[in-house]
1. Fewest Cβ neighbours within 10 Å first, please rank Arg28, Arg117, Arg57 accordingly.
2. Over 24 Å apart: what share of the alpha carbon pairs of the chain falls there, rounded to a whole percent?
3. Express the relative contact order of the chain as a whole percentage, based on alpha carbon pairs under 8 Å and six or more residues apart in sequence.
4. Zone of Thr123 (label point 7 Å along Cα→Cβ, backbone N under 17 Å): which residues in region 61-104?
5. Treating the angle as unsigned and between 0 and 90°, give the value, to the nearest 10°, between the Cα long axis of helix 43-52 and the longest Cα principal axis of the chain.
6. Taking 0.36 nm per residue of separation and subtracting the Cα-Cα distance, what length does fully extending Trp21 through Tyr55 add?
7. What does the charge add up to near Ser127, with Lys and Arg as +1, Asp and Glu as -1, over the other residues with Cβ less than 14 Å from its Cβ?
8. Quick check: the distance between the Cα centres of region 102-129 and region 70-96, to the nearest angstrom?
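Throughout, read-outs are computed from the coordinates displayed, never taken from laboratory work. Please read all numbers here as calculations on a predicted model, not as lab measurements. Ideal geometry is used to build each Cβ from the backbone, glycine not excepted, and the neighbour counts take in all protein chains shown.
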Amino acid sequence: MAKTKKTNPYADIPPKKWNDWKWQLKNRLTSLEDIIRVLNPSEELIEGIKIATKYFRMAITPYYASLIDIDAMHCPIRAQAIPTVSEADFSDSDMSDPLEEERDSPVPGLTHRYPDRVLLLVTGNCSMYCRH
C-alpha cells in the first residue's frame, strides 16, 4: 500500500505567527500523535519513536518539522530531529556526565569551562531536542 503524502499542516499559519518564537515553542511536536499528524512517518519510524521516547524527550518546532523530508532516509534534519530505535541502545555510563559539566559548574545553571566565557542555562527545556 502506497503512503499518501500529507498536505502542509502549517500552510494556513500567518507569517506573523510562523515567525514568532513563542508560537513555535507552544506548537512543538512532543508526542507520537503529533509526528503522525504532521509528518505521516512510516511504521518503522513510528516503532523507533515509540521505543526512544520511553527513555528520552522529544520536541520539534513546526519550523524544523517543515524542513524534514520524512521519506529521505538520509535527510540530515530528520536525523537531527526524529527519535530512532538506536537511542534505546545505551548503558548506565552513557547517562552520567560525558562532557564533565558538573566539574565546570560552580553553581547550578552555570558552566564555566573556559577562562573568558560561561554557559548560562536559563531553562531546563529546549525548543527542540537534538538526536545526538
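1. On the way: Arg28 21, Arg117 8, Arg57 11.
Lowest to highest Cβ neighbour count: Arg117, Arg57, Arg28.
2. On the way: 3613 of 8646 pairs.
Tail of P(r) above 24 Å: 42 percent of Cα pairs.
3. Working: 125 pairs, mean separation 32.0, N = 132.
Answer for the chain is 24 percent.
4. Residues 61-65 qualify, since their backbone N sits under 17 Å from the label point.
5. Relative to the chain, helix 43-52 is tipped by roughly 20 degrees.
6. Details: separation 34, 0.36 × 34 = 12.24 nm, distance 2.70 nm.
Length gained between Trp21 and Tyr55: 9.5 nm.
7. Details: positive: Lys22, Lys26, Arg28, Arg57; negative: Asp20.
Result for the local shell: +3.
8. 24
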